Every structure is written in structure tokens, then in C-alpha cells.
Amino acid sequence: MTPQPARTLLCPGCGREVERFYNHNLCEECFLKSFALFACPPVIKILVCPVCGSYFTSGKWIESLDPKEAFFSEISRSIQVHPDASSVKLDFSEEEIDQARYLAHISVSAVVSGVTVSATADTEIRIKKETCDVCSRIAGGYYAGILQLRADRRRISEREVEECMQLADRVLNTFAAKGDRFAFVSKITELKEGVDLYVGSINACKHACSLIIREFGGTSVVSSSLVGKKDGVDLYRITCAARLPEFVRGDVVSVRGRVIEVAHQDRQIHGIDLADGSKVSFDSKTPVVKLGTRDDAVAVVLVAIEDDTVQVLDPETYRTVLLKKPNFISAEAGSDVCVIKTSMGLFLLPAGDG
Ligand SMILES: [Zn+2]
Ligand SMILES: [Zn+2]
């Protein structure tokens with residue numbers, strides 16, 4: 001508002017002579033007296049989810065929001081400040097009436113026609129419990145992706161399932177921390193061939209699947225299917241099948257006539273040739289036969305050790321067996337060593353890594 005030219009004016013409110021009018025026709029005092037800086041509804045309702053504690057504000061549910069922030073957000077959305085006001089500052093303090101009601105003392109200050117104006121008002125804040133979008137979807141078994149935990153040509157072990165779930169959990173938590181409210185698992189089903197996790201977020205589902213494959217090796221296949229339309233946008237669901245490798249650390253296998261303890265399988269199987277201790281890798285497509293696992297190994301007495309041979313007691317026949325000395329054996333005669341009896345003979349195993 002531009003100041004009036006410097007001439008004497010008569011205020012219609014108080015009859016005083018003044019040099020300038022505010023808000024067209026009043027002296028500063030009368031203007032401040034009559035000016036309504038803001039209007040506020042007598043009651044402001046705030047929704048809170050009884051399950052996760054999210055507040056509904058600015059048209060969406062927000063997790064782990066401080067109640068005071070939620071109140072501030074809803075008060076500033078509910079009050080109407082005079083359109084001529086600029087540099088508006090809002091402040092409030094709240095008093096608890098009971099569990100569901102608060103009394104909010106609101107104060108607003110602003111600049112109008114070059115004058116700083118302030119006003120206060122009280123309003124009631126009512127807390128209403130309502131299950132949020134996410135909690136109601138979790139309760140309804142909603143999902144956008146299925147993460148299938150499987151193993152190649154064998155049943156996935158319970159320990160593997162547990163470790164996969166921990167990895168998935170880590171991914172979901174990261175997504176949730178970044179604001180993906182659909183980073184949840186709404187259902188877990190156990191099947192003969194493995195476990196299915198029903199995930200709310202497509203992205204989180206995909207990331208969990210890739211992390212599992214990165215950690216365990218193996219392969220994954222992602223497929224998607226159209227399930228409908230929402231607001232003209234195609235809705236998809238995905239299935240991420242994580243297939244853990246057939247062979248795992250500690251498996252003893254035979255491949256091309258050699259006996260190997262498996263260390264890791266990705267596109268190749270990596271391990272140690274138990275006959276001589278050399279490190280070997282071969283393509284996963286090579287025919288492999290599983291002979292046993294490190295769990296089948298037993299401790300036997302090392303009878304004698306020479307430059308390239310060792311003698312151990314056969315755990316079943318107690319007869320002395322002569323073996324080529326693999327490079328991982330450095331124990332002294334009389335001490336215990338680990339051996340595994342397989343259909344391809346008796347083999348020494350490197351000292352376990354726990
Ligand atoms: Zn006046
Ligand atoms: Zn909730």
C-alpha cells in the first residue's frame with residue numbers, strides 16, 4: 001500500500017487528524033484495532049495411525065513425525081492469514097486436555113502496510129485414530145513383488161533362508177529410511193521348494209534379490225505381469241526368483257576325476273583340490289557329483305608325515321592309509337587331522353575355518 005501524500009487526513013474511526021491512512025481510510029491505531037490478521041477454525045482434526053504412529057498431514061501419511069511438527073503443519077494449513085500480510089510468522093504452544101484433545105495457543109505476526117501486526121487465538125486440536133494406507137495394506141496382504149528364495153537342484157536350507165531374510169530386511173530398512181513406505185513384507189509363505197516373501201515395493205524387492213545373489217552367488221530371474229490399471233497407469237507386479245547355487249562352501253564334490261572342497265559358487269565353482277591342495281575353478285556347467293560335506297569329516301591320527309606322503313588311520317577300518325601330502329597339511333605326526341571318506345577314497349581336509 002503506497003502512503004498517502006503528506007496532507008492532513010481525518011480518521012473516520014477516531015476523528016483524529018493524521019498524516020497517513022492505513023488500509024485505505026484509518027489511522028494506524030484504528031487500523032490495528034480493526035484488522036483481523038488471521039482466522040482459525042475452532043477445532044483442527046489431526047489423524048494418527050494407531051498401528052505405526054504416522055500422522056496424516058499435507059495430504060499424506062508421514063512416518064516418525066514429531067507430534068509437534070504434525071500440529072504445526074496442520075495449524076498452518078488450517079488458519080487463514082489476511083492476504084495483505086507478508087513475512088508471516090506462526091508460533092504455537094499446546095496444552096493437553098486429554099489423550100485425544102489439546103488446546104493450542106496460536107500466535108501469528110506479520111507485516112501489513114509496513115506495520116508489524118500480531119494476533120493470538122486458541123483452538124482445539126482433536127486427535128483422531130485412523131489406520132494409515134500402509135498399515136491397512138499390510139493388514140490386507142498387499143504386495144507388489146514376490147521374492148522367491150530357492151536353491152538350484154536342492155532345497156534351500158533353513159540357515160540360508162534366515163540369512164536371505166536378514167539381507168532382505170536390511171534392504172527394506174534402507175528403503176524405508178529413504179521414505180519408501182511400501183518397503184514392507186506383508187506375508188511370508190513356506191513352500192516345499194523354498195520361501196516366498198510378499199513385498200510392498202517393487203524396487204525394494206528387486207534390490208533385496210540382487211543383494212542376496214551378490215552375497216550367495218547363484219542366479220536370479222525377474223519377471224513382471226500386468227495386474228490392472230490405476231488412474232490410467234498400468235500396474236505391475238514382479239516376481240524375483242533368487243536361486244542360490246547348488247554347491248556351497250564346505251561341499252565336497254567330484255569333477256573330472258578330481259575331488260574338490262567347494263569354497264564358493266558363482267558362474268564358476270571355486271575350491272581346493274583335496275588331493276594336492278591347489279586352488280581350482282571350473283565352469284558351473286561342468287558335470288559335478290556331490291560326495292559329501294565338511295560336516296561328514298572326522299578327526300583321525302596322523303601316523304606319519306614325509307615330504308610328499310602322509311599316513312593316516314582309516315576311521316572305519318583303523319588300517320593305515322598312505323596318501324599324497326596336500327600342501328595344506330603341516331601337522332606333526334601324532335596330531336589329529338580331518339579326513340573325509342568318500343566313494344572316491346579317503347581325503348584330507350584343510351583345517352576348518354569355523
Ligand atoms: Zn483513528
Ligand atoms: Zn500406520
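The values are calculated or read from the model by the stated rules, or taken from the named source; none is laboratory data. Just so you know, these numbers come straight off a predicted model, no measurement behind them. Don't worry about glycine lacking a Cβ; one is built from the backbone with ideal geometry, like all the others, and counts go over all protein chains shown.
Got a number for residues in segment 264-288 being small (Gly, Ala, Ser) and in a strand (DSSP E or B)? Give the derivation first.
Step one: filter segment 264-288 for residues small (Gly, Ala, Ser), giving 271, 275, 277-278, 281, 284.
Subsequent filtering for residues that are in a strand (DSSP E or B) retains 271, 281.
So the count comes out to 2.
Need a quick list: strands (runs of 3 or more DSSP E) entirely within segment 49-132 having at least 3 residues that are more than 30 Å from TYR22 (Cβ to Cβ) and under 32 Å from the mean Cα position of the chain (by Cα).
So the answer is 55-57, 60-62, 115-129.
Conditions tested, residue by residue: (1) in a helix (DSSP H, G or I); (2) acidic (Asp, Glu); (3) within 16 Å of ligand 2 (Cβ to nearest atom).
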position: CYS164; (1), (2), (3): yes, no, no
position: ARG170; (1), (2), (3): yes, no, no
position: ASN173; (1), (2), (3): yes, no, no
position: ALA176; (1), (2), (3): yes, no, yes
position: GLY179; (1), (2), (3): no, no, yes
position: ASP196; (1), (2), (3): no, yes, no
position: CYS205; (1), (2), (3): yes, no, no
position: ALA208; (1), (2), (3): yes, no, no
position: ILE212; (1), (2), (3): yes, no, no
Subject >> Residue list for segment 131-162, restricted to those being β-branched (Val, Ile, Thr) and more than 16 Å from ligand 2 (Cβ to nearest atom) >> reply: ILE146, ILE156, VAL161
**OP:** Take segment 228-263 and flag every residue that is out of contact with any helix residue (DSSP H, G or I) (no Cβ under 9 Å at 6 or more places or on another chain), under 24 Å from PHE328 (Cα atoms) and assigned to a strand (DSSP E or B).
**Re:** VAL253, SER254, VAL255, ARG258, VAL259, ILE260, VAL262, ALA263
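Would you confirm whether any residue within segment 25-39 is away from ligand 2 (no atom under 16 Å from the Cβ) and closer than 20 Å to ILE125 by Cβ?
Here is the first cut: in segment 25-39, the residues away from ligand 2 (no atom under 16 Å from the Cβ) are 25-39.
Subsequent filtering for residues that are closer than 20 Å to ILE125 by Cβ retains 38-39.
Yes: one or more hits.
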Subject >> Every pair of residues 6+ apart whose Cβ atoms lie under 6 Å, when the first sits in segment 225-237 and is without any contact (Cβ under 8 Å) to a residue 12 or more places away in the chain and in the same structural domain as ILE202 (by TED's automatic domain parsing) while the second is assigned to a strand (DSSP E or B) and of a type in the set (Lys, Arg) >> reply: VAL227/ARG237
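Which members of segment 53-71 meet the condition of being surrounded by 16 or more Cβ atoms within 10 Å (Cβ to Cβ) and either at pLDDT 95 or above or within 16 Å of ligand 2 (Cβ to nearest atom) (or both)? I'd like the intermediate steps shown before the answer.
Step one: filter segment 53-71 for residues surrounded by 16 or more Cβ atoms within 10 Å (Cβ to Cβ), giving 54-57, 61-62, 65, 70-71.
Of everything in segment 53-71, those that are surrounded by 16 or more Cβ atoms within 10 Å (Cβ to Cβ) and either at pLDDT 95 or above or within 16 Å of ligand 2 (Cβ to nearest atom) (or both) turn out to be SER54, TYR55, PHE56, THR57, TRP61, ILE62, LEU65, ALA70.
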Subject >> Looking only at segment 316-337, and only at residues there that are out of contact with any Gly (no Cβ under 7 Å at 6 or more places or on another chain) and closer than 28 Å to HIS264 by Cβ, the one that is surrounded by the most Cβ atoms within 10 Å (Cβ to Cβ) >> reply: VAL337
Original post:
Can you tell me which residues in segment 281-291 are modelled with pLDDT of 90 or more and surrounded by 17 or more Cβ atoms within 10 Å (Cβ to Cβ)?
Top reply: VAL288, LEU291
**OP:** Working carefully through the options ARG137, ARG159, ARG155, ARG170, find the one that is at negative phi, among the basic types (Lys, Arg), away from ligand 1 (no atom under 16 Å from the Cβ) and buried (at least 18 other Cβ atoms within 10 Å of the Cβ).
**Re:** ARG137
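How about segment 18-51: which of its residues are more than 16 Å from ligand 1 (Cβ to nearest atom) and surrounded by 16 or more Cβ atoms within 10 Å (Cβ to Cβ)? Outline the logic, then answer.
Of segment 18-51, the ones more than 16 Å from ligand 1 (Cβ to nearest atom) are 36-51.
The answer is LEU37, PHE38, CYS40, ILE44, ILE46, LEU47, VAL48, CYS49.
Among the residues of segment 303-353, what is the count of those that are of a type in the set (Val, Ile, Thr), closer than 23 Å to SER278 by Cβ and without any contact (Cβ under 8 Å) to a residue 24 or more places away in the chain? Explain how you work it out, then say what you get.
The first filter runs over segment 303-353 and keeps only residues of a type in the set (Val, Ile, Thr), leaving 303, 305, 309-310, 312, 317, 320-321, 329, 337, 339-340, 342.
Those left that are additionally closer than 23 Å to SER278 by Cβ: 305, 309-310, 312, 321, 329, 337, 339-340, 342.
Pick out the ones that are also without any contact (Cβ under 8 Å) to a residue 24 or more places away in the chain and you get 309.
Count: 1.
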